[in-house]
Amino acid sequence: MVILFINNHGGGFADHIEVAEATTVADLFEERLPGCRAEDFLIRVNRQPASADQVLQAGDRVSMTPTKIEGAR
Amino acid sequence: MTQPTRLLLRAAGRLSNFWRSRAQLLAREEPYRLRYVRHHLEALQGALDRLDKAHGLGLELVLPTLRLEILGHLERLRQAGSEAKDAMLRPGVQAPGAGAFLEELRQLEDDFADFSVDWRQKAIRVTTEPITLRDIYLGPFAIQFHWERLLHQPDVSCFDIVALDPHPAAANDRVTHPHVKDRSLCAGDASVPIRKALEQGRLADAFYLVRSVLEHYNPGSPHIALDEWEGTDCHDCGRNVGDDDRWCCEACGCDFCDDCIGNCASCDATRCHGCLMRCDVCNEPCCARCLETCAGSGNECCRHCRASCSQCGATVARDDCDEAGRCPSCQPTSIPEPNPPENTHDPDPEPARPASP
């Protein structure tokens, strides 16, 4: 199934991606942001807060935004 | 405060129009850049034709000028080509519709305190919670997105960051956050995702990223480090001083205010009063490097007040040397002149007084 995945980490992009049926938010996070900690991200599904075990549905809009990001001067 | 749907719709419509204007601007850029390439190509072709002709007619004198002209055209063509390539490779921008912006605005309204639309300033404004970084209270900030700026630069410069309960750095009150100066956020790692979010009309994501920068501290690159936020206490008198008024003693390494710092009269080095001593001769303040103990007297003298004995080379106080530059030890011992013999001839004898009658 296809979902809209918005990754605001690093380059920051939005793209339609293919994910397996029964993929959870935690699965997607691990797959797309390996090495990162979920607690350092604001994760939304269809603009609403999501739990780690929430199963994604076709057409979902998933955004992952870092909450700890380094500014500069 | 929840905005009436009518106002949100109006704001969403306005935002959509601005994104559409930007998309139209970008769409016009590609043909414009290509026309520029064609213009330089034709100019180059003309110069090449003239070069061929000059070669054919043996006009050797004109060749250097023509070569220079061709080099100029090549450079301009290269630049125009590069700009055209960028414009062609840039992904087509699709302006989100008013409905998409309405969702963005609703999300901002749900997630931030004090969401509002400032029609006069043409800005969307939200407020953060009070921010404290490393035990330093910085207060809440308003994040203002000025949609007109989007036409010029879809990046973090569209945002103003306004301290609502300012606790600026002691050294500079224009710095209200380690990464905010003059209301401008230095977004660092968030710069690219903010730009991408704005380009794609993901307004809420851009606001979240701005907030993430505000709620996090990067000690590697602040305008003013939080360690120095409250200023520095003068090591001598204890007065709190900002960076602009802080002096560091080069000898002891401590920080001082401008009342408690001085300079060596000899080498001009910066020293605190505790690290300056007085020259025993001129009484000027000097650093330890510039004072030297003089032979004989044992005085501590600065470089202006000491000299090397012209005879033995010892360092001595300049005042102790004689006209020939000799130290007291090397000066010849003075021989007392012998007493003049009695009844010697007086060259100018006082005339004898006449005897009293």
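If I compute solvent accessible area with a 1.4 Å probe over the protein chains, what percent of it on the stretch B:178-312 is carbon and sulfur?
Of the solvent-accessible surface of the stretch B:178-312, carbon and sulfur hold 40 percent.
How high is the FRET efficiency from B:LEU164 to B:LEU74, r the C-beta distance, R0 51 Å, rounded to 0.05?
Calculated transfer efficiency: 0.40.
Choose one of B:CYS249, B:SER266, B:GLY238: the residue whose Cα lies farthest towards the positive end of the charge dipole of the stretch B:233-275 (beta-carbon charges +1 Lys, Arg; -1 Asp, Glu; about the Cα centre).
B:SER266
Mind checking the angle between helix B:5-57 and chain B's longest principal axis? C-alpha axes, 0 to 90 degrees, to the nearest 10.
80
Using a basic spin-label model with each label point 7 Å from the Cα along Cα→Cβ, how many nm lie between B:GLN121 and B:ALA324?
Rounded to a tenth, the inter-label distance reads 8.5 nm.
Under the 0.36 nm per residue contour assumption, what length would be gained going from the current alpha-carbon distance of B:ARG10 and B:ARG50 to full extension?
8.3 nm
Counting only the heavy atoms of the protein chains, how much of A:VAL2 is accessible to a 1.4 Å probe, in Å² to the nearest 10?
70
Quote the FRET efficiency, to the nearest 0.05, computed for B:CYS252 versus A:CYS36 with a Förster distance R0 of 60 Å and r equal to the Cβ-Cβ distance.
0.85
If you roll a 1.4 Å probe over the heavy atoms of the protein chains, what accessible area per residue do you get for the stretch B:112-214, in Å²?
Per-residue accessible area for the stretch B:112-214 comes out at 37 Å².
Please go through the stretch B:221-295 and write out the trypsin sites (Lys or Arg not before Pro) that DSSP classes as loop and that have at most 14 other C-beta atoms within 10 Å.
Loop-located and lightly packed - none at all.
Between B:ASN283, B:ASN172, B:ASN263, where does the largest GNM mean-square fluctuation fall for chain B, given springs only between Cα atoms within less than 10 Å?
B:ASN283
Using Cα springs under 10 Å in a Gaussian network model of chain B, which residue among B:CYS186, B:CYS158, B:CYS264 shows the largest mean-square fluctuation?
It is B:CYS264.
Show A:THR23, B:THR132 ordered by accessible area, largest first, where the area counts protein heavy atoms only and the probe is 1.4 Å.
From most accessible down to least: B:THR132, A:THR23.
Restrict the search to the stretch A:10-49; then list the trypsin sites (Lys or Arg not before Pro) that DSSP places in a loop and that have at most 13 other Cβ atoms within 10 Å of their Cβ.
Filter output for the stretch A:10-49: A:ARG37.
Relative to the longest principal axis of chain B, what angle (0 to 90°, nearest 10) does the C-alpha long axis of helix B:203-214 take?
20
As I understand it, the value is the acute angle between the Cα axis of helix B:98-111 and the longest principal axis of the Cα atoms of chain B; what does it come to in degrees, rounded to 10?
With both axes taken from Cα atoms, the answer is about 50 degrees.
Describe numerically, in nm with one decimal, the distance between label points set 7 Å from Cα along Cα→Cβ at B:THR293 and at B:LEU57.
It works out to 9.2 nm between the two label points.
Of B:CYS234, B:CYS294, B:CYS272, which is the most mobile in a GNM of chain B whose springs link Cα atoms less than 10 angstrom apart?
B:CYS294
Please work out how much accessible surface B:HIS40 shows to a 1.4 Å probe, ignoring ligands, DNA and RNA, in Å² rounded to 10.
For B:HIS40, the solvent-accessible surface is approximately 20 Å².
Putting +1 on Lys and Arg Cβ atoms and -1 on Asp and Glu Cβ atoms, find which of B:LEU71, B:ASN299, A:THR65 reaches farthest to the positive end of the dipole of the protein assembly as shown.
Of the candidates, B:LEU71 comes out farthest on the positive side.
Apply the Kirkwood formula to chain B: the hydrodynamic radius equals the inverse of the mean of 1/r over all pairs of different alpha-carbon atoms; give it in Å with one decimal.
The Cα-based Kirkwood calculation yields 29.2 Å.
The values are calculated or read from the model by the stated rules, or taken from the named source; none is laboratory data. In this text the structure is predicted, and so the values were computed from the model without any measurement. Please note: Cβ atoms are built from the backbone with ideal geometry, for glycine as well, and neighbour counts cover all protein chains shown. Side chains are part of the model used for accessible areas, which takes the heavy atoms of the whole protein and leaves out ligands, DNA and RNA. Shrake-Rupley method; radii C 1.70, N 1.55, O 1.52, S 1.80 Å.
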